[in-house]
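Asks: Structure provided below as structure tokens; questions to follow.
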Amino acid sequence: MQFPDPMTKILKVCCGSSFTLVLSESGLLYSWGFGKSGSLGLGEKSFCPTPNQIETTHSNDPCCNIVDISCGSSHSLAIDNSGNIYSWGNGQGGRLGHNQEVGENAPRIIEELRGKFIKNCEAGEASSACITHDNFVYIWGSGLNGRLGNGTSSNILVPELSQELRKMQVKVIV
């Protein structure tokens, strides 16, 4: 595996069902593999056999200062050093948190969570969750088989505060 700079230090590696996402110590993202539904985060590029840097977000802002990442089967989440959370890839079931079921080809900020200072996130098979700096858990995506833990099997298209975990001091989601 060769990155553009052979001295790149890796902080974290995550694997989706057909792609890999890497976070460098300098806060940059790289991806490679098969990018069905935009899971590579590289715009329209759907196949990439070697690491490529994810350079811009959905709004064409630089994609940098990332501190944490997570991969689902066909979508990803990333948190920047300002506590903003981004999602991209397959949007089915609302797993991206953008109030729709449309995929994204580049990281897009989850507006519903802007200003909440996210410290941890996890992308599941078809759902997502995160924790704020004050330890509140937000959930969204496919509710199939009750996987969101909110007592229903309905999909949630925008992040929703988990009432079931609201009074608990959740530290990490894995």
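The values are calculated or read from the model by the stated rules, or taken from the named source; none is laboratory data. In this text, all values refer to a predicted model and were calculated from it rather than measured experimentally. With ideal geometry, Cβ positions are generated from the backbone for all residues, glycine too; neighbour counts draw on all protein chains shown. Calculation scope for accessible area: heavy atoms of the full protein, side chains included, ligands and nucleic acids excluded. Shrake-Rupley method; radii C 1.70, N 1.55, O 1.52, S 1.80 Å.
Asks: With a 1.4 Å probe and every protein chain left in place, tell me how much accessible area residue 13 has, in Å² to the nearest 10.
Replies: Residue 13 exposes around 80 Å² with every protein chain in place.
Asks: Does region 6-69 come out rounded, prolate or oblate, given a ≥ b ≥ c as the square roots of the eigenvalues of its C-alpha gyration tensor, rounded meaning a/c under 1.5 and, failing that, prolate meaning a/b above b/c?
Replies: In terms of gyration-tensor shape, oblate.
Asks: Using only the Cα atoms of region 73-174, build the gyration tensor, take square roots of its eigenvalues as a ≥ b ≥ c, and label the shape rounded, prolate or oblate: rounded if a/c is under 1.5, else prolate if a/b is larger than b/c, else oblate. If you can, show how the numbers build up before the last one.
Replies: Numbers: a/c = 1.80, a/b = 1.06, b/c = 1.69.
Verdict is oblate for region 73-174.
Asks: I would also like to ask the following. Applying the Karplus parametrisation 6.51 cos²θ - 1.76 cosθ + 1.60 with θ = phi - 60° to the phi angles of region 57-62, what ³J(HN,Hα) value in whole Hz is obtained for each residue in order, glycine and proline being reported as x?
Replies: 8, 3, 8, 6, 6, x
Asks: So what is the accessible area of region 38-174 per residue, in Å², with the probe set to 1.4 Å?
Replies: Computed with neighbouring chains in place, this is 46 Å² per residue.
Asks: In whole Hz, what ³J(HN,Hα) sequence does region 115-120 give by Karplus (6.51, -1.76, 1.60; θ = phi - 60°), x for Gly and Pro?
Replies: Result, rounded to whole Hz: x, 8, 6, 7, 10, 8.
Asks: Check residue 75: other-chain or 5+ apart residues with amide H under 5 Å from its amide H, H built from backbone geometry?
Replies: The list, which skips near neighbours in sequence, is 90.
Asks: Here's a follow-up. Return the label of the correct value of P(r) over Cα pairs in 5 Å bins from 0, in percent, as calculated from the structure shown, out of (i) 2, 7, 13, 19, 22, 17, 10, 5, 3, 1, 0, 0; (ii) 2, 10, 18, 22, 21, 17, 9, 3, 0; (iii) 2, 10, 19, 23, 21, 13, 7, 4, 1, 0.
Replies: So the structure-derived entry is (iii).
Asks: Suppose every K and R has +1 on its Cβ and every D and E has -1 on its Cβ; what is the size of the dipole of the chain about the Cα centre, in Debye to the nearest 20?
Replies: Around 340 debye, computed over the chain.
Asks: Just read off the accessible area of residue 125 with the full protein assembly in place, 1.4 Å probe, to the nearest 10 Å².
Replies: 130 Å²
Asks: Still on this structure, I have one more. Under the Karplus relation 6.51 cos²θ - 1.76 cosθ + 1.60, θ = phi - 60°, what is the ordered set of whole-Hz ³J(HN,Hα) values for region 99-109, x standing for Gly and Pro?
Replies: Result, ordered by residue: 6, 7, 10, 9, x, 10, 8, 8, x, 10, 4 Hz.
Asks: I want to make sure I understand the PRE zone here: with the label point 7 angstrom from the Cα of residue 153 toward its beta carbon, which residues in region 91-117 have backbone N atoms less than 20 Å away?
Replies: Flagged as within label range: 92-95.
Asks: What aspartates and glutamates does residue 116 reach when the alpha-carbon gap must be under 13 Å and sequence neighbours fewer than 8 apart in one chain are set aside?
Replies: 80, 134, 160
Asks: Quick query: amide H of residue 162 versus all other amide H atoms, modeled in the peptide plane; which residues come in under 5 Å with a sequence gap of 5 or more or a different chain?
Replies: 137, 138, 139
Asks: Determine the share of the chain's accessible area contributed by carbon and sulfur atoms, expressed in whole percent, with a 1.4 angstrom probe.
Replies: 49 percent
Asks: In terms of solvent-accessible area of protein heavy atoms at a 1.4 angstrom probe, what is the ranking of 19, 136, 34, highest value first?
Replies: Largest to smallest exposure gives the sequence 34, 136, 19.
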